[in-house]
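So the structure is just underneath, and the comments pick up after that.
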Amino acid sequence: MATIELQHSTSSFTDEGRGPAVVLIHGSASSRHQWRRLIARLAGRYRVLAPDLHGYGETVWHEPGPLRLANELGLVSTLAEHIGEPFHLVGDSCGGALALGAAVQLQSQIASLTLIEPAAFQLLRRGDLDAWHEIDDILQRHIELAWERRFEACADLFMHYSIGARAWAAMAPEKRAMVVAVMPKVAIEWLWISQVESGAEVFEQLDLPTLLVRGTRTKFAARRVVDMLMAALRRANLVEIEGAGHMAPVTHADLVNAAIEAHLDRHTARFPDAVPAMVAA
């Protein structure tokens, strides 16, 4: 594990392998360990960096004040400075939404973008009201429960929506406890979504080779976000994972990881100065 100091936090991240850099951003209620199998798959040819987002894993927020979206984006920007060369950016769910925002800021430094059902649900507010109402009901209830400090109820709500009641009930007690413990951070992420008012037009400027990954059994709101990004992004391709829901990187890891690896390989030579590092590896 490596660490890097930010203005108000200490960020922990995995840094393995040699070659062109790949940054992996995990989803809500998870950590960098979500990517173990993908890191093992890539580290022979790529340098893979996977941070814990604030409030997850071993990344510690030092300030007593509120954690803002800008702080999370700052983590990605600081990693970009640490890498010092163009890199591929991969994000899952909330991490996918974060990767989108980072790509707008860092476009010239990014070789390719991969978004696995990004939780950019704010796009639905102006693009699909039926889908927005589906997610807004969850969002508002979760924030209310968190305000009341009813974190087990938060976890029930969040996980029933994300993976289903049966899978949540079958989860080992220690893993369930870990999910409950991070519900305050998930509430902050829902709050960020509720506060963002920009639509898909923000991303029309992105001129990056982008892979969008979606499960065929995912929720309506997540499906519609991907549809809107397919329409907005100039160079997007879609891979659908048969039988998968929103947790495809966990439940269908081999298929998702193969799609990511193929996308990285296809676009690794976009930046000439990345080629020597690849050859040297």
Let me confirm something: among GLU72, GLU81, GLU85, which residue is part of a helix (DSSP H, G or I), of a type outside the set (Gly, Ala, Ser) and in contact with a helix residue (DSSP H, G or I) (Cβ under 7 Å, 6 or more places away or on another chain)? GLU72
Inside the range 159-170, can you point out the residues that are without any contact (Cβ under 8 Å) to a residue 12 or more places away in the chain and among the aliphatic types (A, V, I, L, M)? ALA165, ALA167, ALA169, ALA170
Go over the candidates GLY27, GLY65 one by one and state the one that is of a type in the set (Gly, Ala, Ser) and either over 22 Å from VAL182 (Cβ atoms) or within 15 Å of the chain's Cα centre (by Cα) (or both). GLY27
The listed residue being under 28 Å from ARG224 (Cβ atoms), of a type outside the set (A, V, I, L, M), crowded, with 24+ Cβ neighbours inside 10 Å and touching a residue at least 24 places away in the same chain (Cβ under 8 Å), out of GLY95, GLY101, GLY55: GLY95
Report, ordered by the first and then the second residue, all pairs with beta carbons closer than 8 Å, sequence separation of six or more or different chains, a first member in the range 71-92 that is over 25 Å from PRO249 (Cα atoms), and a second member that is in a helix (DSSP H, G or I) and of a type in the set (A, V, I, L, M). GLU85/ALA274; GLU85/ALA277
State which residue is nearest to GLY91 (Cα to Cα) when the search covers only the range 36-50 and only residues that are in contact with a helix residue (DSSP H, G or I) (Cβ under 8 Å, 6 or more places away or on another chain) and in a helix (DSSP H, G or I). LEU38
GLY95: passes all of (1) in a helix (DSSP H, G or I); (2) in contact with a helix residue (DSSP H, G or I) (Cβ under 7 Å, 6 or more places away or on another chain) but (2)
State which residue pairs qualify: first residue free of Cβ contacts under 8 Å to residues at least 12 places away in the same chain and in a helix (DSSP H, G or I) and inside the range 134-158, second residue buried (at least 18 other Cβ atoms within 10 Å of the Cβ) and among the aliphatic types (A, V, I, L, M) in any location, beta carbons under 6 Å apart, and separation of 6 or more residues or different chains. ALA153/LEU145
Taking the condition modelled with pLDDT under 95, within 26 Å of ALA262 (Cβ to Cβ) and either touching a helix residue (DSSP H, G or I) at 6+ places or on another chain (Cβ under 7 Å) or assigned to a strand (DSSP E or B) (or both), does LEU191 pass? no
Quick one: LEU106 ticks every box in (1) over 17 Å from ALA232 (Cβ atoms); (2) of a type outside the set (Gly, Ala, Ser); (3) surrounded by 24 or more Cβ atoms within 10 Å (Cβ to Cβ) except a single one, so which number is it? (3)
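Residue-wise test of (1) at pLDDT below 85; (2) buried (at least 20 other Cβ atoms within 10 Å of the Cβ).
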site: LEU6; (1), (2): yes, no
site: ASP15; (1), (2): no, no
site: ALA21; (1), (2): no, yes
site: LEU69; (1), (2): no, no
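The values are calculated or read from the model by the stated rules, or taken from the named source; none is laboratory data. Please read these numbers as outputs of a predicted model, since none were measured by experiment. Methodologically, a virtual Cβ is constructed for each residue, glycine included, from the backbone with ideal geometry; neighbour enumeration extends over all protein chains shown.
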